[in-house]
Structures are given as C-alpha cells and as structure tokens.
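Some notes on the structure that comes next.
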Amino acid sequence: MDLIFNPSLSTEAQVELALRLTVGLGLGALIGFEREMHHQPAGFRTHSLVALGASLFTIISAYGFAGGATDPARIAAQIVSGIGFIGAGTILQYRGHIRGLTTAASLWAVAAVGMATGAGLYVLAIVGTVLILVVLAVLDRVEALARRRLDIGPDGFDITEHRPPAGRPADSEGETEDMP
C-alpha cells in the first residue's frame, strides 16, 4: 500500500501550523504549572510535552497523510489511548493510599487541548484550558472548604486496612457505599 504524504505546504501554512504547536505548548504549560505548584508527579514539563505532542500528532494526522489511504482519525485516536499509558505512570500507591489520579486526568485533558490546537480550534483549546484550571485550582479549594465544614476526612480508600476514610460509613462488607 502506497502512502501519500503532503509535504508541500506553503510557508504561510507552515507558520500557521507552527503557531498551533506553540499555542498547544503554552496552554499545556499553564496547566502543568498549576500541577507543579501542587507538587504533583507530572508537572510543568510533562503537561507541556503532552500538549505539544498531541498537537503535533494531530497536525501530522491532518496534513501529513492528506489524500492517502490512511485514515487521519486513526492517529488522533491513538493519542487518547497512548496518553493513558503516561497517565498510569503518574498514579502512585504510597503507604496504602492512591495518589495522582487527578494529575493523570489532567494529562488526558491536556492531550485534548493539544489536539484542539493541532486542529486549529484555538477558542475551544483556550476555553478547555480555562475549564481545566477551574477544576484543578478552584474546585480544589471548594472541596477543601466543604471537607472542613462537613468534617469529612481526606479523600481516598486505605488499601492496607480495607477501611473507609474517616467520616465515611461502611457497609456490611467493610467497604464504602461507593466502592464495589
């Protein structure tokens, strides 16, 4: 099967594509900075690279194989599953507690921001970035306030003792109501 590549883009088109990469990197960096400030396992550089990579893969998918026998959506679809591997690496078990789920989710979301910039959907990418930052920064404060006001212990499930965290009722099996 012969692949048809489209390397002949005008200088103007290449500048636009370079701008897409730069915007993707910048938006990923903003989200990564927030994670870095919270000392999370994946921070500034990781989020920047994920957004940049997703943007580049999206551009390659759209322009590198245009008119060929390869479905450009296949490359974009693989970004989603590939980022799952990186996200899994940020999930840590420490002294019976699980950490890094939010950071893994933020990497997944930042890949979508990178894909949006790669597709030239700047407004969508910027709004997505703002909403991700709201979830990471603002909702974190709302959650902390609610936990203090309602006297709820830290989130999570202690996997060493198989008991719910303080403030959560256990069912007859010793698990929390929302745990299988």
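What the table shows:
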| quantity | calculated |
| --- | --- |
| Contacts under 6 angstrom Cβ, first residue in segment 84-107 being farther than 20 Å from Phe44 by Cβ and touching a residue at least 40 places away in the same chain (Cβ under 8 Å), partner polar (S, T, N, Q) and exposed (fewer than 14 other Cβ atoms within 10 Å of the Cβ), 6 or more apart | Gly96/Thr160 |
| Any hit, segment 19-27, residues being part of a helix (DSSP H, G or I), modelled with pLDDT of 90 or more and of a type in the set (Val, Ile, Thr) | yes |
| Qualifying residue in segment 87-105 (condition: modelled with pLDDT of 85 or more and under 21 Å from Arg20 (Cα atoms)) | no |
| Pick from segment 88-111, criterion under 19 Å from Glu34 (Cα atoms) and polar (S, T, N, Q), ranking: farthest from the chain's Cα centre (by Cα) | Thr90 |
| Residue within segment 141-159 that is at pLDDT below 80, touching a Ser or Thr at 6+ places or on another chain (Cβ under 7 Å) and part of a loop (DSSP other than H, G, I, E, B) present | yes |
| Residue in segment 93-101 that is β-branched (Val, Ile, Thr) and surrounded by 15 or more Cβ atoms within 10 Å (Cβ to Cβ) present | no |
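Every residue, every condition in (1) surrounded by 21 or more Cβ atoms within 10 Å (Cβ to Cβ); (2) basic (Lys, Arg); (3) out of contact with any Lys or Arg (no Cβ under 8 Å at 6 or more places or on another chain); (4) within 23 Å of Arg141 (Cβ to Cβ), yes or no:
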| position | (1), (2), (3), (4) |
| --- | --- |
| Leu21 | no, no, yes, no |
| Leu30 | no, no, yes, yes |
| Arg35 | yes, yes, yes, yes |
| Ser55 | yes, no, no, no |
| Ala73 | no, no, yes, no |
| Ser81 | no, no, yes, no |
| Leu107 | yes, no, yes, yes |
| Ala111 | yes, no, yes, no |
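The values are calculated or read from the model by the stated rules, or taken from the named source; none is laboratory data. Here the structure is a predicted model, which means the values were calculated and not measured. So basically every Cβ, Gly included, is an ideal-geometry build from the backbone, and we count neighbours across all protein chains shown.
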